[in-house]
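Asks: This is the structure, below, for whatever I ask next.
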Amino acid sequence: MHGFTTRQLHADGKTKPMNAHAMPIFLTSTFAFDSPETGADLFLGRRAGHVYSRMGNPTVETVEQVVADLENGEAAVAFGSGMAAIQASLLSVVKAGDHVICGEALYSPSLHLITQRLADLGIASSVVNTSDVQAVEDAIRDDTRIIFYETPANPTCKISDIRALAELARSKEILTLVDNTFSSPYFQRPLDLGADISLHSATKYLNGHGDVIGGIVVARSELAAKIRTYRRDTGGILSPFEAYLLLRGIRTLSLRMQRHHDNAMKLFEFLAGLPKVSKIYYPGDPTFPGHPVAIRQMTGFGGCFSFELADGLEAAKRLLKRLRLCTLAVSLGTVDTLIEHPASMTHVATPADIMERQGITSGLVRISVGCEDIEDVIADLENALKTD
């Protein structure tokens, strides 16, 4: 098998339409048939081909092929957003009367989808600390069908043991769905550790340039087929243009991820020496509670982490107002540095008790470290943290 960087450049194959070097954008809603018989065969699945871009599109299928390869998976399914990917992954395997376990450290919309929208459909859920394997086992019921969690989790980078949870779930005939957005396939591959589904908000590190909204899931072929059928029926496919941008972004994934990682390590070291910073949530910190597990299942720690300011909310607001280089914006994984306040932005809809369990305080700031010269990012933070 070729190395990761070689695969990210060549997994789309050498043969492309009209001998194109880069995969073309197939901006077409429908595809013509050679004959009525051909059309019937395509609709009935008796031959490979394309019918309608809601069902499948060559540019979209190419990015699915590439991401599946990088995740060491059999198949991938691409969606118009990460949330669409989460919804399809869950609702393709659970139904009314079933039970879902989800991690307590979860992106706010993901948590709301599970605890509110799925509840409306008669699907029960339990919110659990997935870093504690015993707590997950205690939450399992006869009707539990899937365990969904992030690792590292947003925004406090809580680490869950993918292999241990996969082994537990498999012994109970339960599926595991891992949101791998914070790591990308470059630093972590959940399927290699026994997970059933690895999921990404492709908006983040996979694209890397802040100009795509998308999601993608990777799984074994039969499970991916169920998720693809759900996508076909509900219309959540990624657009061909977004797929093209995603393909272009992935070509530099390993280069960007290593830079994100190296910059984040240097920023962590700077922040760790500041009395104004009371706590840092970063898997690369040897004292971080999840560090030993992260070392086992990750090859690097990514570029997004959180830190808490000792003086709370006012200190956080003061910092964010004074920054000149870092961009105050949500999302993460872009080539430039983004910074935000989870309690009032990305996680504002999280119930107060869950936010407390997650460790999200009013003084917590999340930073997605970009690919700039890190000395400039450090200088920006240093100036913003200075006392008047």
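Asks: Modelled with pLDDT of 95 or more, in the same structural domain as Ala68 (by TED's automatic domain parsing), at positive phi and crowded, with 24+ Cβ neighbours inside 10 Å: which single residue out of Ser198, Ser160, Ser184 fits that description? Please lay out each step first, then the result.
Replies: On the way: Ser198 fails: at positive phi; Ser160 fails: at positive phi.
Every option except Ser184 fails the conditions.
Asks: Is it the case that the stretch 377-388 has a residue that's touching a residue at least 24 places away in the same chain (Cβ under 8 Å), surrounded by 20 or more Cβ atoms within 10 Å (Cβ to Cβ) and part of a helix (DSSP H, G or I)?
Replies: For the stretch 377-388, residues touching a residue at least 24 places away in the same chain (Cβ under 8 Å), surrounded by 20 or more Cβ atoms within 10 Å (Cβ to Cβ) and part of a helix (DSSP H, G or I): present.
Asks: I would also like to ask the following. Which condition number in (1) among the hydrophobic types (A, V, I, L, M, F, W, C); (2) more than 20 Å from Arg231 (Cα to Cα); (3) surrounded by fewer than 17 Cβ atoms within 10 Å (Cβ to Cβ) is the one that Phe43 fails?
Replies: (2)
Asks: Let me ask something else. Across the stretch 137-161, which residue is farthest from Ser92 (Cα to Cα) among those that are touching a Phe, Trp or Tyr at 6+ places or on another chain (Cβ under 9 Å) and of a type in the set (A, V, I, L, M)?
Replies: Looking at the filtered set, the residue picked out is Ile159.
Asks: Contact list please: Cβ distance under 8 Å, first residue in the stretch 16-27 and on the phi < 0 side of the Ramachandran plot, second residue part of a loop (DSSP other than H, G, I, E, B) and charged (D, E, K, R), pairs at least six apart or on different chains.
Replies: Ala22/Lys16; Met23/Asp12; Met23/Lys16; Pro24/Lys16
Asks: If you scan the stretch 142-156, which residues turn out to be out of contact with any Gly (no Cβ under 7 Å at 6 or more places or on another chain) and either in the same structural domain as Gly300 (by TED's automatic domain parsing) or over 17 Å from Leu177 (Cβ atoms) (or both)?
Replies: Across the stretch 142-156, the qualifying residues are Asp142, Pro155.
Asks: Contact list please: Cβ distance under 8 Å, first residue in the stretch 236-252 and not assigned by TED's automatic domain parsing to the domain that holds Leu91, second residue assigned to a strand (DSSP E or B), pairs at least six apart or on different chains.
Replies: Sorted first by the residue in the stretch 236-252, then by its partner, the list stays empty.
Asks: Go over the candidates Thr28, Thr62, Thr15 one by one and state the one that is loosely packed, with under 12 Cβ neighbours inside 10 Å and among the β-branched types (Val, Ile, Thr).
Replies: Residue meeting the stated conditions: Thr15.
Asks: Another question about this same structure. What is the one condition in (1) surrounded by fewer than 19 Cβ atoms within 10 Å (Cβ to Cβ); (2) aliphatic (A, V, I, L, M); (3) within 22 Å of Met83 (Cβ to Cβ) that Val217 does not satisfy?
Replies: So the condition that Val217 fails would be (1).
Asks: Which of (1) within 17 Å of Arg170 (Cα to Cα); (2) touching a residue at least 24 places away in the same chain (Cβ under 8 Å); (3) surrounded by fewer than 17 Cβ atoms within 10 Å (Cβ to Cβ) does Ile140 not meet, given it meets every other one?
Replies: Every condition holds for Ile140 apart from (3).
Asks: While we're looking at this one, here's another question. Mind checking which residues of the stretch 274-300 are in a strand (DSSP E or B) and either within 18 Å of Ser368 (Cα to Cα) or touching a Pro at 6+ places or on another chain (Cβ under 6 Å) (or both)?
Replies: Correct list: Val277, Lys279, Ile280, Tyr281.
Asks: Looking only at the stretch 137-183, filter to residues that are among the charged types (D, E, K, R) and in contact with a His (Cβ under 7 Å, 6 or more places away or on another chain); which one of those is nearest to Arg296 (Cα to Cα)?
Replies: Arg145
Asks: Still on this structure, I have one more. May I ask you to list the residues in the stretch 71-112 that are part of a strand (DSSP E or B) and farther than 24 Å from Glu137 by Cβ?
Replies: Of everything in the stretch 71-112, those that are part of a strand (DSSP E or B) and farther than 24 Å from Glu137 by Cβ turn out to be Ala75, Ala76, Val77, Ala78, Phe79.
Asks: Which one is surrounded by the fewest Cβ atoms within 10 Å (Cβ to Cβ) among residues in the stretch 248-273 that are assigned to a loop (DSSP other than H, G, I, E, B) and out of contact with any Leu (no Cβ under 7 Å at 6 or more places or on another chain)?
Replies: The selected residue is Gly273.
Asks: While we're on this one: Taking helices (runs of 4 or more DSSP H) that do not extend beyond the stretch 136-238, which have at least 3 residues that are small (Gly, Ala, Ser)?
Replies: Working: elements: 162-171, 184-187, 221-234.
Hits in the stretch 136-238: 162-171, 221-234.
Asks: Tell me whether the stretch 82-92 contains one or more residues that are farther than 21 Å from Ile147 by Cβ, touching a residue at least 24 places away in the same chain (Cβ under 8 Å) and either among the charged types (D, E, K, R) or surrounded by 23 or more Cβ atoms within 10 Å (Cβ to Cβ) (or both).
Replies: Filtering the stretch 82-92 down to residues farther than 21 Å from Ile147 by Cβ leaves none.
No, every residue in the stretch 82-92 fails to be farther than 21 Å from Ile147 by Cβ, touching a residue at least 24 places away in the same chain (Cβ under 8 Å) and either among the charged types (D, E, K, R) or surrounded by 23 or more Cβ atoms within 10 Å (Cβ to Cβ) (or both).
Asks: A follow-up question, please. Quickly run through the stretch 114-127 and pick out the residues that are among the aliphatic types (A, V, I, L, M), surrounded by fewer than 20 Cβ atoms within 10 Å (Cβ to Cβ) and in contact (Cβ under 8 Å) with a residue 24 or more places away in the chain.
Replies: Of everything in the stretch 114-127, those that are among the aliphatic types (A, V, I, L, M), surrounded by fewer than 20 Cβ atoms within 10 Å (Cβ to Cβ) and in contact (Cβ under 8 Å) with a residue 24 or more places away in the chain turn out to be Leu121, Ala124.
Asks: Being closer than 11 Å to Ala96 by Cα and touching a helix residue (DSSP H, G or I) at 6+ places or on another chain (Cβ under 9 Å) is the filter here, so list the residues in the stretch 116-137 that pass it.
Replies: Leu118, Leu121, Ile123, Ala124
The values are calculated or read from the model by the stated rules, or taken from the named source; none is laboratory data. Keep in mind the model is a prediction, meaning the values are calculated, not measured. Note that we place each Cβ from the backbone using ideal geometry, even for glycine, and neighbour counts take in every protein chain shown.
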